[in-house]
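K.L.:
Here you go, one structure.
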Amino acid sequence: MESIFIECGICKLYEKHSYSKFSSILCEVDELTSGFAGLQLVRTGTIALGAKKYDFRFKKK
């Protein structure tokens, strides 16, 4: 099952406090923590990196 978001609460919070340049770091952490759980995070883009939407799903490794 795929999830699709058109807004990112973290991006909004970081933008509000002038830390937008750090938003993408959390996207990288998502991939790492998914791997620790034995999952692969599959996505075509992230809002923090300029995509219009954030679509993702998990696959078992």
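K.L.:
Which one is surrounded by the fewest Cβ atoms within 10 Å (Cβ to Cβ) among residues in the range 1-12 that are hydrophobic (A, V, I, L, M, F, W, C) and outside any helix (DSSP H, G or I)?
P.N.:
Among residues in the range 1-12 that are hydrophobic (A, V, I, L, M, F, W, C) and outside any helix (DSSP H, G or I), the one surrounded by the fewest Cβ atoms within 10 Å (Cβ to Cβ) is Met1.
K.L.:
Return the residues of the range 35-51 that are part of a helix (DSSP H, G or I) and under 17 Å from Cys8 (Cβ atoms); say none if nothing qualifies.
P.N.:
Matches in the range 35-51: Ile47, Ala48, Leu49.
K.L.:
Here is a follow-up. Scan the range 49-61 and report the pairs whose first residue is surrounded by 13 or more Cβ atoms within 10 Å (Cβ to Cβ) and whose second residue is acidic (Asp, Glu) and modelled with pLDDT of 95 or more, with Cβ atoms within less than 7 Å and a gap of 6+ or a chain change.
P.N.:
Close Cβ pairs (under 7 Å, with a partner that is acidic (Asp, Glu) and modelled with pLDDT of 95 or more) do not exist here.
K.L.:
Looking at (1) touching a residue at least 40 places away in the same chain (Cβ under 8 Å); (2) surrounded by 11 or more Cβ atoms within 10 Å (Cβ to Cβ), which one does Glu15 not meet, given that it meets all the others?
P.N.:
Of the numbered conditions (1) touching a residue at least 40 places away in the same chain (Cβ under 8 Å); (2) surrounded by 11 or more Cβ atoms within 10 Å (Cβ to Cβ), the odd one out for Glu15 is (1).
The values are calculated or read from the model by the stated rules, or taken from the named source; none is laboratory data. What you see is a predicted model; the values in this text were computed from it and never measured. Methodologically, a virtual Cβ is constructed for each residue, glycine included, from the backbone with ideal geometry; neighbour enumeration extends over all protein chains shown.
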